[in-house]
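Participant: Quick one: this structure, given as structure tokens, is what I'll be asking you about.
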Amino acid sequence: MASGPDKAMTCRYCQTTRVWRAWRKGIREEPTFTPLGIPTVTDRVVQAALKLVLEPIFEADFEPVSYGFRPERRAHDAIAEIHHFGTKGYRWVLDADIEACFDSIDHVALMDRVRLRVKDKRVLLLVKAFLKAGVMTTIGTREATHTGTPQGGILTPPTLLATSALTCR
């Protein structure tokens with residue numbers, strides 16, 4: 001990435017490599033396959049720096065009852081809170097999963113959400129570049145990405161970006 005007072009900003013990014021991960025909802029079910037986008041080493045470094053900038057901004061917006069893939073929070077903390085509220089008389093727990101959430105998030109809507117909290121155009125350009133980077137298939141062809149957030153990179157422990165899109169504040 002190059003920038004300067006008299007230069008227009010340019011952004012160079014590489015494609016990710018797509019691999020397919022098999023997973024099962026139940027022991028006896030047939031496996032389904034989820035695409036993962038594995039970024040290049042250079043992209044991983046840039047994504048790590050971008051995460052250091054974005055995470056504190058969006059973390060302030062996340063609900064305290066959200067435990068998935070957040071710093072200083074883990075599944076055991078959620079279980080402990082369930083036990084705590086169970087002793088207070090609560091009897092219901094909501095565990096929700098939006099099917100293909102990361103594969104179907106609209107880039108325009110996501111960028112609109114990011115723009116509400118991030119004003120630096122260079123950061124916005126990087127986020128958009130990673131969304132639009134495309135993937136390199138195993139046979140060497142490039143596939144464009146029009147929706148969804150890439151899963152498998154540093155910005156996607158199921159994706160800081162997707163979680164920010166789902167936050168209602």
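The values are calculated or read from the model by the stated rules, or taken from the named source; none is laboratory data. It should be emphasised that the depicted structure is a prediction, and the values quoted were computed from it without experimental measurement. Neighbour counts are summed over all protein chains in view; Cβ atoms, including those assigned to glycine, are modelled from backbone coordinates with ideal geometry. Just the protein is used for accessible areas: all its heavy atoms, side chains included, with ligands, DNA and RNA removed. Shrake-Rupley method; radii C 1.70, N 1.55, O 1.52, S 1.80 Å.
Participant: Against the conditions (1) in a loop (DSSP other than H, G, I, E, B); (2) under 23 Å from ILE154 (Cβ atoms), where does ALA129 fall short? Just the number, please.
Facilitator: Unmet condition: (1).
Participant: Exactly one of (1) more than 14 Å from the chain's Cα centre (by Cα); (2) open to solvent by 80 Å² or more (accessible area, probe 1.4 Å) is unmet by THR40. Its number?
Facilitator: For THR40, the failing item is (2).
Participant: Going through the range 57-88 one residue at a time, which ones are more than 20 Å from PRO150 (Cβ to Cβ), open to solvent by less than 50 Å² (accessible area, probe 1.4 Å) and small (Gly, Ala, Ser)?
Facilitator: Selection gives SER66, ALA78, GLY86.
Participant: Starting from the range 67-83, take each residue that is in a loop (DSSP other than H, G, I, E, B) and list its partners that are among the aromatic types (Phe, Trp, Tyr) and open to solvent by less than 50 Å² (accessible area, probe 1.4 Å), counting only C-beta distances under 9 angstrom and pairs at least six apart or across chains.
Facilitator: ARG70/PHE62; ARG73/TYR67; ARG74/TYR67
Participant: A further question on this structure: Considering the range 135-156 alone, what residues qualify as being part of a loop (DSSP other than H, G, I, E, B) and within 19 Å of the chain's Cα centre (by Cα)? Quick ask: steps written out before the conclusion?
Facilitator: Keep residues of the range 135-156 that are part of a loop (DSSP other than H, G, I, E, B), which gives 137-141, 144-146, 148-156.
Once the filter is applied, which keeps residues that are part of a loop (DSSP other than H, G, I, E, B) and within 19 Å of the chain's Cα centre (by Cα), the range 135-156 yields ALA144, THR145, HIS146, GLY148, THR149, PRO150, GLN151, GLY152, GLY153, ILE154, LEU155, THR156.
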